[in-house]
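*Asks:* Let me begin by handing over the structure; questions about it come next.
The values are calculated or read from the model by the stated rules, or taken from the named source; none is laboratory data. What you are looking at is a predicted structure, and each value in this text was computed from that prediction instead of being measured. Methodologically, a virtual Cβ is constructed for each residue, glycine included, from the backbone with ideal geometry; neighbour enumeration extends over all protein chains shown. Just so you know, the surface numbers come from the protein's heavy atoms only, side chains and all, with ligands and any DNA or RNA stripped out. Shrake-Rupley method; radii C 1.70, N 1.55, O 1.52, S 1.80 Å.
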Amino acid sequence: METKNLYTTYDLELLEIQHYSARVHKNTFFEMVFVLDGTGIQMINGYQLPYAPDKLFLIFPQDQHSFDVDTYSRFFFIRFSNDYLKLQTSQHIRDLEYIFNSYNHLPGCILKTVTDKPFIRATVEALIREKQNQSPHQEQVIQQLINTIITFAARNLTLQDMEVFNGNITHVMPVINYLHQFIFEPEKLRIEQIAANFNLSPNYIGEYFKKHTGESLQQYIIRYKMKLIESRLRLTDMRINEIAFEFGFTDQSHLNRIFKKYKGVVPSVYRRDNNALSGY
């Protein structure tokens, strides 16, 4: 199977094609695909689902992916590597992390809000124009437009699997999505606040979560924070005391103690040993 690489921080491509079946391949980078025109089948990790205009797909490194084109189609590809994260603000890194840790890697459009589709299309069309024209501040404008799409993607993923019927959570993913969404807001991570969000008692939601995940809510929150902190250490130049503050630790020593408990080394050693490794 072909593996595709990316040798720049990001890449934009408009692909126009008719009656074509792309070979299944893997990427070493993250990819967003917006369908401007056309119909066909999206295939990812053995699943198949029709595609149509104004759909946005996410493709992760190591996903097995291809398109089977039925009618004339135009795809716009946004590809970026781990190095792209190093250029971003903390909020855009958070949006990307939410996407990385919430997406289910199944086929289909991630846009759950119909009114978002024209905004995404307009943003993609603006990206196409910027790519074609050598305008002042082109690089900054392109990155802002890419980050706008990332923000829309993160927002729509928060809407997935959030349905509650008759006061009972249909499965545990809504709770996990809630934790991911508010991981930087300690007050919203209190078990009473989580339970209130789902109209359940604190005892019930705690038992429900542990039954489906094998760990308590607090254990999951800490483990997820450690995963995000690993990303910060590998992919950004943030100071460790800044990371500690962002994730709600009292100080760097507090973070050092918890991080070593879960990862076996303090953050500075982890960064030294892993900053050359690829991330997602």
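*Asks:* Does F249 satisfy the criteria of being modelled with pLDDT of 90 or more, assigned to a loop (DSSP other than H, G, I, E, B), open to solvent by less than 80 Å² (accessible area, probe 1.4 Å) and closer than 30 Å to K210 by Cα?
*Replies:* So F249 fits the description; yes.
*Asks:* Against the condition part of a helix (DSSP H, G or I) and modelled with pLDDT under 90, how does L277 come out, does it pass?
*Replies:* Working: part of a helix (DSSP H, G or I): no; modelled with pLDDT under 90: yes.
For L277, the condition - part of a helix (DSSP H, G or I) and modelled with pLDDT under 90 - is not met.
*Asks:* So, one more: Considering only strands (runs of 3 or more DSSP E) fully contained in the range 1-82, which possess at least 1 residues that are within 22 Å of A154 (Cβ to Cβ)? Before you say what the answer is, go through the steps one by one.
*Replies:* Numbers: elements: 2-4, 10-17, 25-27, 30-37, 40-44, 47-51, 56-59, 65-69, 73-80.
Where strands (runs of 3 or more DSSP E) fall fully within the range 1-82 and carry at least 1 residues being within 22 Å of A154 (Cβ to Cβ), they are 10-17, 25-27, 30-37, 40-44, 47-51, 56-59, 65-69, 73-80.
*Asks:* Would you check if there is a residue in the range 93-100 being of a type in the set (D, E), modelled with pLDDT under 80 and open to solvent by 30 Å² or more (accessible area, probe 1.4 Å)?
*Replies:* No, there is no match, as no residue in the range 93-100 is of a type in the set (D, E), modelled with pLDDT under 80 and open to solvent by 30 Å² or more (accessible area, probe 1.4 Å).
*Asks:* Answer yes or no as to whether E13 is surrounded by fewer than 15 Cβ atoms within 10 Å (Cβ to Cβ), closer than 27 Å to A122 by Cα and not basic (K, R).
*Replies:* yes
Listed here are the residues, each with its yes/no results for (1) among the aromatic types (F, W, Y); (2) more than 18 Å from G248 (Cβ to Cβ); (3) touching a His at 6+ places or on another chain (Cβ under 7 Å); (4) assigned to a helix (DSSP H, G or I).
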site: E192; (1), (2), (3), (4): no, no, no, yes
site: N199; (1), (2), (3), (4): no, yes, no, no
site: G206; (1), (2), (3), (4): no, yes, no, yes
site: K210; (1), (2), (3), (4): no, yes, no, yes
site: R223; (1), (2), (3), (4): no, no, no, yes
site: L228; (1), (2), (3), (4): no, no, no, yes
site: S231; (1), (2), (3), (4): no, no, no, yes
site: R234; (1), (2), (3), (4): no, yes, no, yes
site: D237; (1), (2), (3), (4): no, yes, no, no
